[in-house]
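Undergrad: Before we start, here is the structure in question, set down as structure tokens.
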Amino acid sequence: MVPSLETVGEADSAPYQAGAGGDWFVDRTTALLPFCNYYNDLGIYSLRSYTLAPQLSAQRIAICKATPAGGSIAIAPYAGPCPPR
């Protein structure tokens, strides 16, 4: 048996400001589908393979950080404007 976790969906919330003025975040929700892959002794994929119930994972992603001058700058890989529109 070879377990795997496949990403089947990803969605970001609207940007919001939190903490110090100029820090912006999005909440990213990722849907993961666990697979149990079976292979026979010769290494051939078996039809006994199956999936389990999807799992949701949420995390807070920083997209802009405050600058000493009072503005904000983008944090890679976000390349949009700061503050977000």
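Undergrad: Could you list, in sequence order, all residues of the range 28-44 that are open to solvent by 30 Å² or more (accessible area, probe 1.4 Å) and more than 19 Å from the chain's Cα centre (by Cα)?
TA: Matches in the range 28-44: Tyr38, Tyr39, Asn40, Asp41, Leu42, Gly43, Ile44.
Undergrad: Can you name the number of the only condition in (1) open to solvent by 40 Å² or more (accessible area, probe 1.4 Å); (2) at positive phi; (3) not hydroxyl-bearing (Ser, Thr, Tyr) that Asp12 fails?
TA: All conditions are met except number (2).
Undergrad: Before we move on, is Leu5 in contact with a Pro (Cβ under 6 Å, 6 or more places away or on another chain) and open to solvent by 80 Å² or more (accessible area, probe 1.4 Å)?
TA: For Leu5, the condition - in contact with a Pro (Cβ under 6 Å, 6 or more places away or on another chain) and open to solvent by 80 Å² or more (accessible area, probe 1.4 Å) - is met.
Undergrad: Please go through the range 76-85 and give me each residue that is farther than 15 Å from Ala18 by Cα and at pLDDT 90 or above, ordered by number.
TA: Of everything in the range 76-85, those that are farther than 15 Å from Ala18 by Cα and at pLDDT 90 or above turn out to be Ala76, Pro77, Tyr78, Ala79, Gly80, Pro81.
Undergrad: Restricting to the range 52-73, what's the tally of residues that are within 16 Å of Gly21 (Cβ to Cβ) and either part of a strand (DSSP E or B) or free of Cβ contacts under 8 Å to residues at least 40 places away in the same chain (or both)?
TA: 9
Undergrad: Got a number for residues in the range 17-26 being open to solvent by 60 Å² or more (accessible area, probe 1.4 Å) and modelled with pLDDT of 95 or more?
TA: 0
Undergrad: Also, I was wondering about something else. Glu10 versus (1) closer than 18 Å to Ser72 by Cβ; (2) at pLDDT 95 or above: which is the lone unmet condition?
TA: Among (1) closer than 18 Å to Ser72 by Cβ; (2) at pLDDT 95 or above, the lone unmet condition for Glu10 is (1).
Undergrad: Scan the range 61-72 and tell me whether some residue there is hydroxyl-bearing (Ser, Thr, Tyr) and open to solvent by 70 Å² or more (accessible area, probe 1.4 Å).
TA: No, every residue in the range 61-72 fails to be hydroxyl-bearing (Ser, Thr, Tyr) and open to solvent by 70 Å² or more (accessible area, probe 1.4 Å).
Undergrad: Let me ask something else about it. Looking at the range 20-51, which of its residues are over 30 Å from Arg85 (Cα atoms) and either assigned to a strand (DSSP E or B) or among the polar types (S, T, N, Q) (or both)?
TA: Of everything in the range 20-51, those that are over 30 Å from Arg85 (Cα atoms) and either assigned to a strand (DSSP E or B) or among the polar types (S, T, N, Q) (or both) turn out to be Leu33, Pro34, Phe35, Cys36, Asn37, Tyr39, Asn40, Tyr45, Ser46, Ser49, Tyr50, Thr51.
The values are calculated or read from the model by the stated rules, or taken from the named source; none is laboratory data. This structure is a prediction, so every number in the text was calculated from the model and none was measured. Cβ sites come from the backbone with ideal geometry, for glycine too, and all protein chains shown count toward neighbours. The protein model used for the area step is the full one, side chains on, heavy atoms only, and it has no ligands, DNA or RNA in it. Shrake-Rupley method; radii C 1.70, N 1.55, O 1.52, S 1.80 Å.
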